[in-house]
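Reviewing the structure listed below.
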Amino acid sequence: MPSEDTQDIEETRGATAGPGADAAEADPKTAAAVAAAAVPQNGEPVRVDSWIWAVRLVKTRSVGATACKGGHVRVNGQNVKPSHLLRVGDEVRLRQEHRERVVVVKLLIRKRVGAPVAAQCYVDNSPPPPPREAVAPAGIRDRGAGRPTKRDRRELERLRGLMGGGSGPGQPRGR
């Protein structure tokens, strides 16, 4: 049975370890990266555009801000501005390129970190990405085949019309 003094020390260590302590115990390199990632102290909130950039959900912070302004970022079910402050436990939904990312904030960071460290800052509840099409895209020709003939062009247009879901401008009507 540990003495009361050692219990106090262990409780103090747990209090100062911070929210990223469990992730840091797994790998010492990851722990160093998290420590260097400008983790706010005392549960201090972080801007949503900064956080989605820091955890690599978007390429640049300005893209994150644009996504917020365009209504593509929702926190706890509400559209937010780029300056919205995140807290641990918030659910962030980000719509991007035919996919929706759903993540729960596990650790707040301000600086961009590597992908393995970033993955430990959130819980990913996103649906699986849509399957890639097994069919080659229309319009790809064999190397050395030259320019398409009029017949080839018409076949390509017909194929694109079928794939596009209907006739568009410049395609024959009523045939």
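Solvent-accessible area assigned to carbon and sulfur over the stretch 40-127 amounts to 48 percent, based on a 1.4 Å probe. Once the other residues with Cβ under 11 Å from the Cβ of Gln78 are scored (Lys, Arg +1; Asp, Glu -1), what is the net sum? Here the charged neighbours net out to +1. Here the ratio of the Cα radius of gyration of the stretch 45-105 to 2.2 N^0.38 Å is 0.94. Hey, what D do you get for the stretch 79-159 in µm²/s if you plug the Kirkwood alpha-carbon radius into Stokes-Einstein at 25 °C and 0.890 mPa s? Answer, rounded: 143 µm²/s.
Ordering 77-84, 110-117 by mean Cβ neighbour count within 10 Å, with the highest value first, yields 110-117, 77-84.
The values are calculated or read from the model by the stated rules, or taken from the named source; none is laboratory data. Everything quoted here is computed from the prediction, not taken from an experiment. Here the Cβ is made from the backbone with ideal geometry for all residues, glycine too, and neighbour counts use every protein chain on show. All accessible areas refer to the heavy atoms of the entire protein, side chains included, with ligands and DNA or RNA removed. Shrake-Rupley method; radii C 1.70, N 1.55, O 1.52, S 1.80 Å.
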